[in-house]
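One structure is given here, and the rest of the page talks about it.
The values are calculated or read from the model by the stated rules, or taken from the named source; none is laboratory data. The structure displayed is predicted, hence computed values, not measured ones. All Cβ positions, even for glycine, are placed from backbone atoms using ideal geometry, and neighbour counts span all protein chains on display. With ligands, DNA and RNA removed, areas are computed over all heavy atoms of the protein, side chains included. Shrake-Rupley method; radii C 1.70, N 1.55, O 1.52, S 1.80 Å.
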Amino acid sequence: MRSMSKFDRAFLDQVLQRTSIIDVVGRKVTWDKRKSQPARGDMWACCPFHSEKSPSFHAVESKGQFHCFGCGEHGNAFDFVMKTQNIGFSEVVEQLAQTAGLEMPKLSRDSVEKAGKTTRIMAALAAARQLFEEALIKDEGKIARNYLQKRGIDSKHWPEFGIGVSPNSRNWLKDRLTAAGHLVEDLLDAGLLRAPEDGGAPYDLYRGRLMFAIEDGAGKTISFGARTLNDDVQPKYLNGPETSVFSKSYTLYRYKSARAKTKKSPLIIAEGYMDVIALELAGFAAVAPMGTALTADQLNLAWRAHPRPVLCFDGDEAGQRAAARAVDRALPLLGALRGLAIALLPKGQDPDDIDDIIKSSGPAQIKQIIEAAQDFTKFLFDTEFAQEPLETAQAKAGLKSRLRARINEIKDLDLKSEVQIEIKNRLNHAFGRFPAPEASRDFGSPLQAQTRSRFGKFKEAVASDELKEIIKNNAGS
Ligand SMILES: [Zn+2]
C-alpha cells in the first residue's frame, strides 16, 4: 500500500475489508448477466476504462480486486474510485470509510506519537504470544499439554494456532516483558495486565490458562482468548478486553485462515475456539465470534469471505436461541450476495460438541451436518411455526402476522419477494391447502442450492398453478 499515505495500514485494511468491490464497481458499470456469477461474487462487465463490446472487465469479491483483460487496468476499491471519479487518495479513503461506517482516524498532532503507541502495543502482544507458546512446551505447560492431547490437537499445530499457556502466577508475564524493555503502561493498553481498582500494582490478566492467539485480518496478534485449566475457576473462557487494536465486535477468530479456504469449503461460523480449531484441522473454513453474540460487523466480514456462511450451533435450546438471535441480526443485511444457512448439531451432545463429533466420527459426519444446513427461510418458518399449536384460525393468523413482521425486516427487495413466495408456499403446505408441490420441498443442502440455477427454480415454481396465483398476488402487493 502507499507508503506516503497519512493513514496507517491497519485502518486502510479495515476500510478495504468492509468495502464490497462489487458494490463499488457496480455503481459505474452494468454487469453482464450471462458471464457473471453473483452467488460466487464473480462479476463481469464491459470495461469502464476502454471501449469494448464484449465484457473483459472482471471483479472478484473474495479478492477485493478488479482487472481488465482488455486494457490491463486493475486494482482494489481505492484504485477504482480514484480512477473513475478522478479524486485524490485521502478523499477516496474518506468516502469509502464513511460508506463502511468507519470513523476517520484523528490526524492531529499526536498521530505520530499514537502510531508509535500502536507499534509498541503490537510488539508487546507478539512477545506475549511467543512467551505463552514457549511455556507450553516447558514444565509449566504439562496440564495444558494433557488437555490438548485429550482434544486431539497435535503439538505440530500449536504454533500455527498460536496456542500457548499462561502459568498460574501473578507477575509471570509482567516480569518477563518488562525485563525485555516493554513499558507497564503499554502492557496495560495491550490488555495483558489488569490494574486493581485500589490503585495497587498492575498484574497479569491471564493466569493458569490455555491461551489462544486472536489475530487480525493480516494475521497479527491483537488479543488472546483464554480457557481455564482448572474447572473450579470462573469464567471458563476469558477474552481480552477492548483495546485500541482489538475490537470484539469486529473480529472473527481465525478469519484470515478461513478466508483462504473458502474456495474448497463453505464458511462455518462456530461457537468457540476449540470448535474452530477442530473444524480447521478437519479441512473446513471456520470462524467464531469472540464469546459474544454475532454482530453485524462480523456478519459483514463473513460475507466478504463467502456468500452463504453456515451457522453451526448446538441443537439444544440455548443453541437454537443463539441461532435465532443471529438470524434476527442478519435479516436486514441479507441480499443476493449475503445469504445465511443454519446447521443445528444433533441434540444431546455435550458442550465442546463439534470437536467431540469429529473425534468420535471423523470429518464425514460434520460434512453431512453442514451439507444438511437449512436456509435461513426454513429456519425462520420452523421457529415461528413451533411457537404455539395451530388449531384455530386465530392462531394461524397470529403465525402469519409474525412471519410477515420478520420478512419485513429484510431490506433487499429482490430477496424479500423471494422469501415471501417461499414462506407463503410453506404456510399453504403446512395448513394442508394443497399437496406439497415440488417447489415447496426443502431447497436442499447449501451445496445443492448453490448449483441450482435460477432458471431451474423458476421452472419448478411455474409448474404449479397455485404458485402462479401466489406469484401474481405477490407482484401486486
Ligand atoms: Zn479495459
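Data for the structure
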| read-out | value |
| --- | --- |
| Residue count for the stretch 381-435, restricted to those that are surrounded by 14 or more Cβ atoms within 10 Å (Cβ to Cβ), free of Cβ contacts under 8 Å to residues at least 60 places away in the same chain and in a loop (DSSP other than H, G, I, E, B) | 2 |
| Residue check, LEU252 surrounded by 24 or more Cβ atoms within 10 Å (Cβ to Cβ), at pLDDT 90 or above and within 30 Å of VAL15 (Cβ to Cβ) | yes |
| Matching residues, the stretch 60-70, being assigned to a strand (DSSP E or B) and either within 14 Å of the ligand (Cβ to nearest atom) or open to solvent by 50 Å² or more (accessible area, probe 1.4 Å) (or both) | GLN65, PHE66, HIS67, CYS68 |
| Residue pairs meeting the criteria (Cβ under 6 Å; at least 6 apart or on separate chains; first among the β-branched types (Val, Ile, Thr), in the stretch 239-262; second crowded, with 16+ Cβ neighbours inside 10 Å) | THR243/GLY191; VAL245/ILE121; VAL245/ILE222; THR251/MET290; THR262/ALA285; THR262/ALA305; THR262/HIS306 |
| Residues of the stretch 83-98 that turn out to be more than 27 Å from HIS306 (Cβ to Cβ), more than 16 Å from the ligand (Cβ to nearest atom) and not β-branched (Val, Ile, Thr), as a count | 7 |
| Qualifying positions in the stretch 172-216 - of a type in the set (Gly, Ala, Ser) and surrounded by fewer than 23 Cβ atoms within 10 Å (Cβ to Cβ) | ALA179, ALA180, GLY181, ALA195, GLY199, GLY200, ALA201, GLY208 |
| Neighbours by Cβ (under 9 Å, 6+ apart or cross-chain): first from the stretch 73-101, charged (D, E, K, R); second open to solvent by less than 60 Å² (accessible area, probe 1.4 Å) and in a helix (DSSP H, G or I) | GLU73/ASP79; GLU73/PHE80; ASP79/VAL92; GLU91/VAL81; GLU91/MET82 |
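Table: residues versus (1) hydroxyl-bearing (Ser, Thr, Tyr); (2) under 27 Å from LYS264 (Cβ atoms); (3) more than 16 Å from the ligand (Cβ to nearest atom); (4) part of a loop (DSSP other than H, G, I, E, B).
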| site | (1), (2), (3), (4) |
| --- | --- |
| PHE11 | no, no, yes, no |
| VAL25 | no, yes, no, no |
| LYS35 | no, yes, no, yes |
| TRP44 | no, yes, no, no |
| PRO48 | no, no, no, yes |
| SER54 | yes, no, no, yes |
| HIS58 | no, yes, no, no |
| GLY72 | no, no, no, yes |
| VAL81 | no, no, yes, no |
